[in-house]
1. At a 10 angstrom cut-off on C-beta neighbours, averaged per residue, how do the peptides 227-236, 70-79, 514-523 rank from highest to lowest?
2. Ordered by residue, what ³J(HN,Hα) values in Hz, to whole numbers, does the stretch 520-530 give under the Karplus form 6.51 cos²θ - 1.76 cosθ + 1.60, where θ = phi - 60° and Gly and Pro are x?
3. Here are some pairs, K308/K364; K189/K324; K111/K133; K40/K198; K27/K300; which of them have Cα atoms lying more than 26 Å apart in this structure?
4. Once label points are set 7 Å from the Cα along Cα→Cβ at both Q206 and R264, what is their separation, rounded to one decimal in nm?
5. Taking H as built 1.01 Å from N, whose amide H comes closer than 5 Å to the amide H of T91, not counting residues under 5 places away?
6. So if R0 is 51 Å, what FRET efficiency would S291 and M1 give, r being the distance between their Cβ atoms, rounded to the nearest 0.05?
7. Short version: what are the Cα gyration tensor semi-axes of the chain, square root of 5 times each eigenvalue, largest first, in whole Å?
8. If you wrap a convex hull around the C-alpha atoms of the stretch 190-294 and split its volume per residue, what is the figure in Å³?
Amino acid sequence: MDTKYIFITGGVASSLGKGIISASLGKLLQARGYRITIQKFDPYINIDPGTLNPYEHGECYVTADGQETDLDLGHYERFTGIETTRDNSVTTGRIYLSVIERERRGDYLGKTIQVVPHITDEIKRRILLNATKQPLDFVITEIGGTIGDIESQPFLEAIRQLRWELGPQRALNVHLTYVPYLAAAGELKTKPTQTSVKQLQGLGIQPEVLVLRTEHSLSDELRRKVAHFCNVDVEAVIQSQDLPSIYEVPVNMQRQGLDAICLRKMGISNAPRPELGPWLHFLELRHSAQSVIDIALVGKYDLQDAYKSILESLAHAGTYNNRKVRTHFINSEHLSADNADQRLADMAGIVICPGFGQRGIEGKIVAAEYGRTHDIPTLGICLGMQTMVIEFARNVLGLQDANSTEMDPQTHDNVIDLMKEQKSVTQMGGTMRLGAYDCELVRGSRTWQAYGEETLIKERHRHRYEFNNRYLREFEQGGMQCVGINPSADLVEIVELPAHRWYIGTQFHPEYSSTVLHPHPLFMSFVRACME
Ligand code: GLN
């Protein structure tokens, strides 16, 4: 079958969960045996979100092939288990960059470069690109932003054109809107949805399916009203009510026939039934898990989305260990030796989060020390691992001034230092050590056991600094072992304290590859240790 394209747009407000709806639809189509991919088009001018502040945009997710992307790609991977690539994440900046590079090369000699057709053509090329590299039945394209934004206009124009070019059997629009509840009137209001659809229609786009985000159940009458005003079939007006977790959404969407309607509208009448067994099993486990474990998340960004993948990885591992993980965000800027006991003593485990820059670093070092000296299972990720190393150097090896040159370029004991290949880097964007690299595990180590006695693993990275091998002997003699190494560059990827119950730091980000059906082995092992 020819590849079919589903475009997901959003109206009325941002943060309605377009990413989750896209991931859910992808999951449901995949569960029917279709080959799918999901991509995100973001209207901002940055080339990628790598240089964005997590406060503004949440976590920066990294694909195996080393693209820094929007956190929605994390949802796509966690839901479908399918690895995304740099082709799955496109911004206005990347679109313009390639058009401008072509213009400079002289590819358009004599022509005036314009938004239509040059920018829209490049958007269309990128929408179609994935299916030119692999056989795909469905490509789901989520358009970031909200209808009415100036920035998203070229994307909407591109999907309008594509829908016309490909025809209704090969292209479909799904629009997500919001139905607010006015408590004073005791009523759900559909006007914003009507207005949003009218705006889309004004741009030449008729959505075939509407997903209405709501905090209260919609009556049949209200759905009929929306259908009537928006030129949409009643059965294609679907509600997305708040649910206890995002993982309920695919099942809720299936119950209302989101996938079935999309298939029917695209002319598929004999689709295989979805096989959701393993997903339902995960949900069952999740519901039945009663006992709670408390895990401290030590970081400086007091925003849920900044550590999205870590939170989800802990939830996956908790579920498969029959536990509800309750995470306690502890702002590292306010953590000190004086209050560590009060904040950390009741925790079953500690995660020291990734990050950049000096702010909040001393609090992370306090957490590393507390976990080590109180024998609390502790997982340090990226900067978290680096702070474990700094703490160990200062408090066990007696290198009082030890630091990362990121925090103190003048430190005498640069136990964490800029990687060789980073020293000449002057451009900030997209120049870190990014994406998946091999890591060889030391047999017999706790990490090796956690990975099911695998000796060669591959994990994703996003950093500039690394463990300084000049200190390796001293650390190993002092009791901190390097148990994972990148074989081609000799970089330390994992440290652990064998004398401790569970104290592991990874230079890579295991959280990027935990999925609903395949919880990450390191998080599994960490949660098990926290349960003891
Ligand atoms: N700032 C550190 C580095 O660049 C760690 C990065 C991270 O935690 N992702 O090496």
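1. On the way: 227-236: 15.7, 70-79: 26.1, 514-523: 20.8.
In decreasing order of mean packing, 227-236, 70-79, 514-523 become 70-79, 514-523, 227-236.
2. Values, residue by residue: 6, x, 6, 5, 4, 5, 4, 5, 4, 5, 5 Hz.
3. Details: K308/K364 19 Å; K189/K324 36 Å; K111/K133 30 Å; K40/K198 24 Å; K27/K300 33 Å.
Exceeds cut-off: K189/K324; K111/K133; K27/K300.
4. 1.8 nm
5. Hits under the 5 Å cutoff: D42.
6. Numbers: r = 47 Å, r/R0 = 0.93.
E(calc), rounded to 0.05, equals 0.60.
7. Working: eigenvalues 373, 150, 86 Å².
Ellipsoid half-lengths, sorted descending, are 43, 27, 21 Å.
8. Values: hull volume 14.8 nm³, N = 105.
It comes to 141 Å³ per residue, whole-number rounded.
The values are calculated or read from the model by the stated rules, or taken from the named source; none is laboratory data. Here the structure is a predicted model, which is why all the values come from computation and not from measurement. For neighbour counting, all protein chains shown are included, and Cβ atoms are generated from backbone atoms with ideal geometry for every residue, glycine included. The area values use the complete protein model at the heavy-atom level, side chains included, leaving out ligands, DNA and RNA. Shrake-Rupley method; radii C 1.70, N 1.55, O 1.52, S 1.80 Å.
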